[in-house]
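To start, the structure itself, in C-alpha cells.
Every number in this text was worked out from the coordinates using simple rules, so none of it is lab data. The model shown is predicted, which means the values in this text are computed figures rather than measured ones. Note: ideal-geometry Cβ built from the backbone for every residue, glycine included; neighbour counts use all protein chains shown.
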C-alpha cells in the first residue's frame, strides 16, 4: 500500500491543501521503524476553520434537522462500505498502529461497522415523553442535538474507538471536528471518506491532525465547541478539562485502567489461563481494559504461574502483517521506550521477572517487546499502580476472597475487572465489592453495546452507551402547552382590584 507523501486533514468534504509552511510529523510503520508518510499539522487557524465549517454545517440543518430515516440510511450505508473495504482498512490500521492483522480481521474493523449499525437501530426506537398530570396542560420532553463536538480518538484502536465516538455523536444530529492521534491518522480518514460516500453531508465530520500541544489544545479550547469527548490518558485528560473549563464545555472521558484479573481456586483452570492471556496480550497489551494485575489464589498459584509463563513464552511475536502473529509491536517508538522503562523500574523495585523483560531486537528495527511476566509480593510497586499499556503483566498470590477484592480496589483506576470462578456466591461478591465500571465473569472482553461502558475514579467521566450518548450529545427540552384558554392573573390592570385574578 502506498500512502501520499503528505497526509492532511479533511474539512468540508475535501482534503486540506498541502501547506509548505506547516509543521510535519513523520508517520512510521511500527513493524520495521520505516517512515511511510508525513502528517501535516493543523495550527490554531486551521482548527478554527474546521470548527467554523462544522458550525456552518450544523446551522444549515442538512444533518442536524435531517429525518431519522436519513441518518439511519447513512449509517447503514457507511457500515456496508466499511465491510466492503475491510481488507484495505485493516492494512491501514496495521501499517500505522502495528495491530496484528489477525486481531483486525476478527475484531477491530467489524466493530467499526457494528457501532454504526447499532446506533442506526437505536435512534429508530428513541421516544420523547409526554406528561398530562397537570390539569389543563400538556408537557412534552424532547431532545435536540447539542451542536458541534470535538472528538479526540486514541492511537491504540483507531477505527473501533473513533467509530464509536462518531456514531454516538452524529446519531443525534450533531456535527464534529475529529482529531485522531498523530501516530495513526490514516484509517480514520478513510472511514470518514466512506461515510461521505454513503451520503453524509460535507462538513458534518471534519478531521484535524497534529500533536496534542498544538492541534489538540486549539480544539479543546475553542469557544465554539459544545461537547468534548476524549479517549486517552488521564494526564492529557486533565489538560483537556482545564481548557474546557474556560468555556464550561461538558466533557466525556474514557481513560486508562490498571485492572485486576482475579482467579479463584475453584475456577475452570484452562478457561482462566486462556482468558488471562487474551486479557493482557490482545492488541499487544495496548488496551485500556487489559487485565494487567493477575491475582491468583494460593491453592492453584504454582500450577497457574507455570502454565501461564509457558504459554506467554510461546506467543508468536512478529510482523503484524503476518496472519500468524499474536503479539505485534508497540505503536510508536517513544511508547516502546516507555514500556521498556516500566520494565526496568519493576526490576529495580524488586519484582521477580519470570519471562520476557526485554526488547526483541532480533526482529529488526521494529518496536517489539517480549511478552513479560513478573511475580510481585506487593501491590504498591509502580508496576501494579501505573498503566504500562504493553505486553507486561504482574502476578500476585492471595489467600482469602476479601484480600483479592481489597487488592483489586487498591488502584486509582476503576475501568474493568475480571473474575474466574464456578461459584455463584463468589461472582456475586465480586460484582458487589469491586469498584469498576465493567466486570467480566468467566469471559474475556465481551461487550453488549446496549450496556454502559466507562470507569470509576481516574478511569473516566461519563459512560459510553446509547442512552448515555443521548444524554451527553443532546440538550433536553421541556415544552408546557395550555390545552385550553386558562385564567391568567391581570397584573397592572387598574380596573380590576382582585390581585388573585
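Dividing the mean sequence gap of close Cα pairs (under 8 Å, 6+ apart) by how many residues the chain holds gives a relative contact order of 18 percent.
Give me the mean projected area, in nm² to one decimal, of the convex hull enclosing the Cα positions of the chain. Working shown, then result.
Working: hull surface 114.8 nm².
The number I arrive at for the chain is 28.7 nm².
Each Cα pair of the range 260-441 feeds into the Kirkwood radius, which the Stokes-Einstein equation turns, at 25 °C and 0.890 mPa s, into a diffusion coefficient of 149 µm²/s.
Compared with the dominant principal axis of the Cα atoms in the chain, helix 234-245 is inclined by about 10°.
Listed peptides 290-297, 136-143, 411-418 appear in the order 290-297, 411-418, 136-143 once ranked by packing, highest mean of other Cβ atoms within 10 Å at the front.
Along each principal axis, taking the top coordinate minus the bottom one, the Cα set of the range 296-398 gives 41, 26, 18 Å in descending order. Mind checking the angle between helix 333-348 and the chain's longest principal axis? C-alpha axes, 0 to 90 degrees, to the nearest 10. For helix 333-348, the angle is close to 60 degrees.
Working ranking of peptides 247-258, 336-347 by packing, defined as the average number of other Cβ atoms within 10 Å per residue, highest first, is 247-258, 336-347. Note that the range 146-189, at 20 °C in a medium of 1.002 mPa s, gets a Stokes-Einstein diffusion coefficient of 205 µm²/s from its Kirkwood radius over C-alpha pairs. Helix 186-197 axis versus longest C-alpha principal axis of the chain: approximately 40°, rounded to the nearest ten. The alpha-carbon positions of the range 275-326 define a convex hull whose volume is 77 Å³ per residue. Comparing Cα centroids, the range 171-250 and the range 300-354 end up 32 angstrom apart.
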